[in-house]
Amino acid sequence: MGSGGREHALAWKLAQSPRCAKLFAAPGNPGIASHAELVALDATDHAAVIAFCAAQAIGLVVVGPEAPLVDGLTDSLRAEGVPVFGPSQAAAQLEGSKAFTKELCARHNIPTAGFERVRSEGEGLAALAKFGAPVVVKADGLAAGKGVTVAMTLAEAEEAVREIFSGKFGAAGAEAVIEEFLEGEEASFFALTDGQTVVPLGSAQDHKRVGDGDVGPNTGGMGAYSPAPVLTPLLTGEALERIVVPTVRAMAEEGTPYSGVLYAGLMLTKSGVQLIEYNARFGDPECQVLMLRLEDDLVELLLACAEGSLATIPSPRLSPETALTVVMAAEGYPGTPKKGGAIAGVEAAEASGAKVFHAGTALADGELVANGGRVLNVTARGATVTEAQQRAYAAVDLIQAPDLFCRRDIGWREMAREAEG
Ligand code: AMP
Ligand code: GLY
């Protein structure tokens, strides 16, 4: 279920499995169509999805984005006996409610920034006075990445609180969380779980700002690479033992077992690894780089998460090589993207050895055109971040798409470290 670059990467990998007799994608995109039959199913119409699964005897549903998870699609499918990869609605609160996650962390001593949950503008402003600046203000619910303000001044933070309680984010802004500012480098960590067993999948680093050098507005992610060496084996162990495993255990103990992929946004601070946030799904574009490195059968792994049998199969193996992806986005993104721009040269880019995942693409009179904010994910592997980056940009340069742009510095943090040796 889904239609972005993340879902293209998942479909590409699922289709390679000997256990995948037939793959459908709903709604999919023109890239996904090379691996799957596209079906026009509306993820919010649970009855229609259930009827389709029954008619086609679907053996596994993989839910890509967060919205259908938070909307309880997995519960509806499970109630009908359809195996499904992705957490229940109750468990997806780990992404769907910042206050839920912060309070779970507080109950179970999981390291995360100090916080206060506030339910009105007045409460928010009073909390800010206690925290001082810098401080972080977050709308509680899903706000498409726009609900978080990292405020360097109290005035900025107060403005963010007023904005949330003015109703700008609808129900997602009915409550807010005020958080202590954490200083450090960010990294993402992905683990698979069936609710009991937890296996590490891998690390990645995303590039959220639209411009080179990490400037400009936030986006869904302009590029990523995996692994993120900054998350050393020692820090990975710490993240697993102190954050991810205790969270999965806590969710089971509290009667809302979490299954699926758990995506932990981490801050590597001087005083250890801290949880910034959880997502209840794969990252986009982090999934694309993980899938390019995954050496195992994705159907087997995701089915084991769905069926509670993760302890009975070998842990996932990822190539030690680096994978790096560059997002090509439509002019205007992350504001209003220009649609319809022509795209040529994808075949040449793939012939160079890269893998081009489609995100917001469409076919117009048989020709590939841009149809969304993030359009293509040009992905390559290499022995180092530097080599993977060079291959990815060489492939980007084979694509002719005058209405698309990309960052030119994906991987810069790690490349600087590689250059230092
Ligand atoms: P979130 O949606 O919670 O991941 O927040 C979006 C971004 O805001 C994160 O990727 C961080 O860059 C930043 N951020 C969130 N919480 C904090 C925090 N407590 N301290 C510093 N930066 C934060
Ligand atoms: N790339 C960030 C996310 O998927 O949330």
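The values are calculated or read from the model by the stated rules, or taken from the named source; none is laboratory data. Only a predicted model underlies this, so the values are computations on that prediction, with no experimental measurement involved. Every residue, glycine among them, receives a Cβ derived from its backbone with ideal geometry; neighbour counts consider all protein chains shown. Only protein heavy atoms, including side chains, enter the accessible area calculation; ligands, DNA and RNA are left aside. Shrake-Rupley method; radii C 1.70, N 1.55, O 1.52, S 1.80 Å.
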Is there any pair linking a residue in region 94-118 that is assigned to a helix (DSSP H, G or I) to one that is away from ligand 2 (no atom under 16 Å from the Cβ) and among the acidic types (Asp, Glu), with Cβ under 8 Å and at least six apart or on different chains, and which? 98/140; 99/140; 99/175; 102/179; 104/254
If the requirement is being surrounded by fewer than 17 Cβ atoms within 10 Å (Cβ to Cβ), within 23 Å of the chain's Cα centre (by Cα), modelled with pLDDT of 95 or more and not small (Gly, Ala, Ser), which of these qualifies: 205, 196? 196
Reported set for region 107-116 where residues are under 13 Å from residue 176 (Cα atoms) and buried (at least 19 other Cβ atoms within 10 Å of the Cβ) is 115
Looking only at region 141-151, and only at residues there that are more than 9 Å from ligand 1 (Cβ to nearest atom) and touching a Gly at 6+ places or on another chain (Cβ under 7 Å), the one that is farthest from residue 281 (Cα to Cα): 141
Which is among the hydroxyl-bearing types (Ser, Thr, Tyr), free of Cβ contacts under 8 Å to residues at least 12 places away in the same chain and either under 23 Å from residue 68 (Cβ atoms) or away from ligand 1 (no atom under 13 Å from the Cβ) (or both), of 247, 232? 232
Could you check, for region 292-300, whether at least one of its residues is within 29 Å of residue 149 (Cα to Cα) and either within 16 Å of the chain's Cα centre (by Cα) or surrounded by fewer than 21 Cβ atoms within 10 Å (Cβ to Cβ) (or both)? no
Only one of 87, 68 is in contact with a Ser or Thr (Cβ under 8 Å, 6 or more places away or on another chain) and in a helix (DSSP H, G or I), namely 68
Scan region 127-145 for residues that are more than 16 Å from ligand 2 (Cβ to nearest atom) and surrounded by fewer than 20 Cβ atoms within 10 Å (Cβ to Cβ) and jot them down. 129, 130, 132, 133, 134
Kindly evaluate residue 226 against the criterion of being within 16 Å of ligand 2 (Cβ to nearest atom), touching a helix residue (DSSP H, G or I) at 6+ places or on another chain (Cβ under 8 Å), open to solvent by 10 Å² or more (accessible area, probe 1.4 Å) and closer than 30 Å to residue 293 by Cβ. no
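Here is a list: 175, 163, 183. Which entry is at pLDDT 95 or above and either surrounded by fewer than 19 Cβ atoms within 10 Å (Cβ to Cβ) or under 27 Å from the mean Cα position of the chain (by Cα) (or both)?
Exactly one residue qualifies, and that residue is 183.
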Which listed residue, of 395, 362, 380, 349, is assigned to a strand (DSSP E or B), of a type outside the set (Phe, Trp, Tyr), out of contact with any Gly (no Cβ under 6 Å at 6 or more places or on another chain) and surrounded by 21 or more Cβ atoms within 10 Å (Cβ to Cβ): 380
With 390, 400 as the choices, which residue is open to solvent by 20 Å² or more (accessible area, probe 1.4 Å) and either touching a residue at least 24 places away in the same chain (Cβ under 8 Å) or of a type in the set (Lys, Arg) (or both)? 400
